[in-house]
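Okay, so here's the structure we're looking at.
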Amino acid sequence: MFIVENRGSPIVDAYEKTIRASEIAPGTMKTVKLINGEKVLLVNTEGKFRGMGAICGHFEWDLSDGRVQGKKVVCAGHGAIWDLETGKAQFDEPTTDEPLYDIAEEDGFLWVRKRAAEAVGSQKADTRPQAV
């Protein structure tokens, strides 16, 4: 086994257990709330689970109300688009980028941790849970 559930410990690299992977069918997404209150959008697309901040910075829409288009998420509110690989927003008005989260699947559950800022640009973040 790798780590125990993060119960508010100060360990930054710890993954937090969220929901069953089966709760997110291919081509769909769901918002989960972490212990620290962060809302994370979990997306099942192109054979992979991806994680990103869940709330649109434009008008606070929950991005899970929108739609998945490949590696992009479209907000239901005003059509802003976020790239699931970079967290970058595309919209006519200034909109904040979303943080990315590493997702690991273990024993049928999705485990989440916030991706380090330097790993976001590299696209080479290790998304597997770390051994303890």
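Note on the range 47-65: residues that are farther than 21 Å from residue 114 by Cα and touching a residue at least 24 places away in the same chain (Cβ under 8 Å) total 1.
Among the residues of the range 72-104, write down those that are more than 10 Å from the chain's Cα centre (by Cα), of a type in the set (A, V, I, L, M) and crowded, with 16+ Cβ neighbours inside 10 Å. Matches in the range 72-104: 73, 74, 80, 89, 104. Candidates in the range 60-71 are the residues that are closer than 17 Å to residue 31 by Cβ and either assigned to a loop (DSSP other than H, G, I, E, B) or open to solvent by less than 40 Å² (accessible area, probe 1.4 Å) (or both); of these, the one that is modelled with the lowest pLDDT is 60.
Residue selection: residue 54 satisfies the criterion of being within 20 Å of residue 20 (Cα to Cα), under 14 Å from the mean Cα position of the chain (by Cα) and either among the hydrophobic types (A, V, I, L, M, F, W, C) or at pLDDT 95 or above (or both).
Taken over the range 11-46, the criterion of being of a type in the set (Val, Ile, Thr) and either surrounded by 16 or more Cβ atoms within 10 Å (Cβ to Cβ) or under 14 Å from residue 104 (Cα atoms) (or both) is satisfied by 18, 19, 24, 32, 40, 43, 45.
The values are calculated or read from the model by the stated rules, or taken from the named source; none is laboratory data. The model shown is predicted, which means the values in this text are computed figures rather than measured ones. Here Cβ is always computed from backbone atoms with ideal geometry, including for glycine, and neighbour counts include all displayed protein chains. For the accessible areas, the whole protein counts, side chains as well, though only heavy atoms, and no ligand, DNA or RNA atoms are used. Shrake-Rupley method; radii C 1.70, N 1.55, O 1.52, S 1.80 Å.
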